[in-house]
Amino acid sequence: MRELSLLAILWSLIILNSCVQHADSETSITPNQLDQEKVSIEYAEGFDVVYEPNFIKVVTQSIGENTSFTDSVFIILDSTTILDESCKIINQEEIRLACQSSTHLAFLNELNQLSQVVGLCGLEYVNNPEISEVIKENEVIELCMTDQIQLENLFQCNPDLFLIYPFGSSQNNDYASKGIHTLLIAEYLEKSQLARLEWIKLFGVLTGKSKEANAYFESVKQAYIEQKEATVPTDKTFIMNLPFQDQWFMPSSKSVGVELIEDAGISYYYSGEKGTENISHSNEQVWNDGVSADYWVIIARREANYGLADLIAEESVYKEFLSVQNHQVIFCNTATADYFSKGVVEPHIILKDLCYATGQIESHTPQYFFLLE
Amino acid sequence: MSLRSDIPLFSVLIIGVFILFWMNLLLGDVPMKTADVFNILTGGVADNSAWSYIIESRLNRSVVAILAGGALAVSGLILQVFFRNPLAGPGVLGITSGASLGVAVVILGGITMGSFLGNLGVIMAGVIGAIAVLLLLIFIARFIKNSVTLLVAGLMFGYFTAALINVLFLWANETDTREYVVWGLGSFEGVNSTELMIFALLIVTLSLLCFLLVKPLNALVAGVDYAASIGINIKTTRLFIIVFTGILAAVVTVYCGPVGFIGIAVPQLVRVLVKSKNHAVIIPIVFFAGSFLALSADFIVRMSSNSLPLNTVTAIVGAPIIVWVIIKMNQRNVSF
């Protein structure tokens with residue numbers, strides 16, 4: 001076992017140094033780069049930042065057993081450092097970023113670095129007016145047609161770094177051969193809301209805003225933990241979501257979304273079910289359970305003035321649900337609230353919304369979740 | 001052969017459909033006592049207020065399965081006789097594809113099936129798509145004498161509409177694409193009681209109208225020339241066949257999605273099992289055989305908590321039947 005550990009450390013050192021070759025001349029380090037605040041990782045498992053005298057190495061990696069990958073980029077602090085050709089080197093100053101997910105924009109927006117974004121997959125899905133306005137002003141290029149990346153558009157925006165999902169990663173080799181640096185980002189695989197939020201530190205390092213990222217993370221973390229600790233657990237239960245055709249895809253009891261709602265003091269109706277993937281239930285089963293679940297948390301895209309009557313119009317059995325009868329349907333309308341993007345960097349506000357809806361706090365203006373009337 | 005020789009087969013099918021119908025009502029993800037089910041069916045109140053909705057849903061989808069399976073099978077039988085081709089089925093004339101195109105325009109156009117308007121929109125668009133292709137076929141049929149050429153024209157309609165649907169995919173978002181793909185997998189669920197009334201009225205009426213084709217179908221088995229020689233008006237027969245089978249297939253497709261294999265496999269299987277050559281006997285047997293297969297497939301889907309798509313089950317059951325029948329026909333050198 002000990003030998004294996006030593007071997008692993010040795011291998012890590014080899015990997016770490018394999019890209020780096022030091023020039024004989026004296027080092028030339030930019031003062032503002034030396035002044036950068038370091039980031040340390042507290043919750044996140046999917047990335048790491050390694051600080052060396054001449055460079056910073058940003059590593060991303062898979063979490064859990066469902067995927068397996070590791071990726072890295074290098075930020076050179078010493079301009080005389082020479083790296084192997086296979087290393088992906090980026091420059092923090094004036095970095096041009098392309099993003100495959102609008103969630104990345106939320107992190108960059110909090111760091112006031114949206115101007116670095118030159119390309120995005122799914123411009124039409126950005127429903128945060130603040131972000132939408134900036135990307136429109138900056139003439140950010142649409143990178144995707146259906147699910148496919150449009151290479152011509154990607155070349156047109158000419159990014160220094162393309163932030164991509166790990167699935168379909170065989171395409172990465174293609175990007176590399178065309179001279180486009182990529183970095184695999186899988187913040188959605190993290191096991192807690194704060195771990196997901198902590199990815200802001202990675203974006204901080206990439207854009208030279210580590211200090212701001214640390215400050216933002218700390219403030220949100222404090223607010224979240226304070227609210228969570230102030231919450232009184234209850235014996236109330238909740239079900240989630242709406243059916244897709246004949247199936248209800250309930251999140252796993254271990255999912256980040258469920259844990260966030262449970263932090264508001266209510267328990268998941270399907271908490272006894274095992275596994276880390278979504279749980280598929282038939283209409284019958286959820287109709288049967290909906291009659292006794294106290295709350296119903298729905299995250300869906302509907303018209304702006306969507307109400308309880310509209311919900312019942314979708315399926316008349318819903319009027320038998322305890323949550324509907326007691327007006328305890330907690331709804332997040334993704335057509336008006338930027339839950340999937342901005343929500344990732346504002347878990348403290350989401351938690352407050354949920355606590356307000358479940359009666360844990362008396363005064364609050366909901367931003368994401370509210371009780372359906 | 002007399003009608004009497006096929007009575008056992010007919011009886012087995014009716015009893016089979018009856019048993020499956022009750023199994024579909026009594027069994028499911030939510031276990032209920034038989035007494036509770038009877039209580040709900042007779043207007044009583046159950047312990048759990050959702051149970052009456054669950055029983056209504058089970059009842060509706062069972063009736064839909066019976067009618068849809070029967071309609072597809074009858075439609076397939078008539079087309080196989082008419083085209084003298086064992087691979088002809090409700091999908092070959094392109095009418096199913098026309099219905100699919102109509103549905104695709106609505107779903108991929110962004111109107112969700114979750115709302116009442118969306119559901120109504122899907123049904124209306126599907127009917128319009130199917131009728132458009134149907135009218136086009138009737139128009140073309142005036143200039144085509146050969147039935148096989150008409151079959152090829154139907155296939156071309158299918159390819160054309162499929163191409164248009166692919167174009168629609170380009171503009172659709174991920175949710176709508178997923179919704180359309182799931183619709184394409186087929187399902188007997190989701191038809192409410194009001195929709196069921198319309199569905200049942202259309203299927204029963206059209207299935208009964210198919211009995212008007214008994215005499216021409218009996219004659220067509222011996223060939224078009226023979227049918228014409230005994231006074232069958234081939235042009236009118238062809239028009240009725242296109243209209244009846246087309247509307248049957250379109251109605252089922254709009255409500256249940258493009259359900260595969262039942263329309264091809266069941267008529268072939270029945271032809272092997274049935275002794276009578278009279279379509280007045282064959283049509284009801286084929287109808288109940290279709291109902292039996294559809295109910296069986298839906299029962300399997302329900303027992304898998306709806307995780308298995310309907311078309312997967314019909315394909316698993318239907319494809320071996322087709323292969324078996326083709327081999328058997330080859331051995332006996334039988335043709336349509």
Subset of the stretch B:279-311 that is within 14 Å of another protein chain (Cβ to nearest Cβ), in contact (Cβ under 8 Å) with a residue 24 or more places away in the chain and not aliphatic (A, V, I, L, M) - its residue that is surrounded by the fewest Cβ atoms within 10 Å (Cβ to Cβ): B:SER305
Residues located in the stretch B:190-207, provided they are among the hydrophobic types (A, V, I, L, M, F, W, C), touching a residue at least 60 places away in the same chain (Cβ under 8 Å), surrounded by fewer than 18 Cβ atoms within 10 Å (Cβ to Cβ) and more than 10 Å from B:VAL64 (Cα to Cα): B:VAL204
Residue match in the stretch A:192-202 (condition: closer than 30 Å to A:ALA300 by Cα and of a type in the set (Phe, Trp, Tyr)): yes
Whichever residue in the stretch A:137-159 is more than 25 Å from A:SER68 (Cα to Cα) and assigned to a loop (DSSP other than H, G, I, E, B) and, among such residues, is nearest to the other protein chains (Cβ to nearest Cβ): A:THR146
Leading residue by the ranking (modelled with the highest pLDDT) among those in the stretch A:272-293 that are over 23 Å from the mean Cα position of the chain (by Cα) and more than 14 Å from chain B (Cβ to nearest Cβ): A:GLY272
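Residues are listed down the side, and each one gets a yes or a no for (1) touching a Lys or Arg at 6+ places or on another chain (Cβ under 7 Å); (2) in contact (Cβ under 8 Å) with a residue 60 or more places away in the chain; (3) within 24 Å of A:ARG196 (Cβ to Cβ):
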position	(1), (2), (3)
A:ILE95	no, yes, yes
A:SER102	no, yes, yes
A:GLU110	no, yes, yes
A:GLU133	no, no, no
A:LYS136	no, no, no
A:CYS144	no, no, yes
A:GLN148	no, no, no
A:ASN153	no, no, no
The stretch B:162-188 - residue that is buried (at least 21 other Cβ atoms within 10 Å of the Cβ) and within 10 Å of chain A (Cβ to nearest Cβ) and, of those, modelled with the lowest pLDDT: B:GLU179
Pick from the stretch A:311-328, criterion of a type outside the set (Phe, Trp, Tyr), touching a residue at least 12 places away in the same chain (Cβ under 8 Å) and more than 9 Å from chain B (Cβ to nearest Cβ), ranking: surrounded by the most Cβ atoms within 10 Å (Cβ to Cβ): A:SER323
Candidates B:ALA35, B:ALA71, filtered to the one that is more than 30 Å from A:PHE321 (Cα to Cα) and out of contact with any strand residue (DSSP E or B) (no Cβ under 9 Å at 6 or more places or on another chain): B:ALA71
Helices (runs of 4 or more DSSP H) within the stretch B:1-95 that include 1 or more residues at pLDDT 95 or above and out of contact with any Cys (no Cβ under 6 Å at 6 or more places or on another chain): B:7-26, B:51-83
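The values are calculated or read from the model by the stated rules, or taken from the named source; none is laboratory data. The structure presented is a predicted model; accordingly, all values stated were derived computationally and were not measured. So basically every Cβ, Gly included, is an ideal-geometry build from the backbone, and we count neighbours across all protein chains shown.
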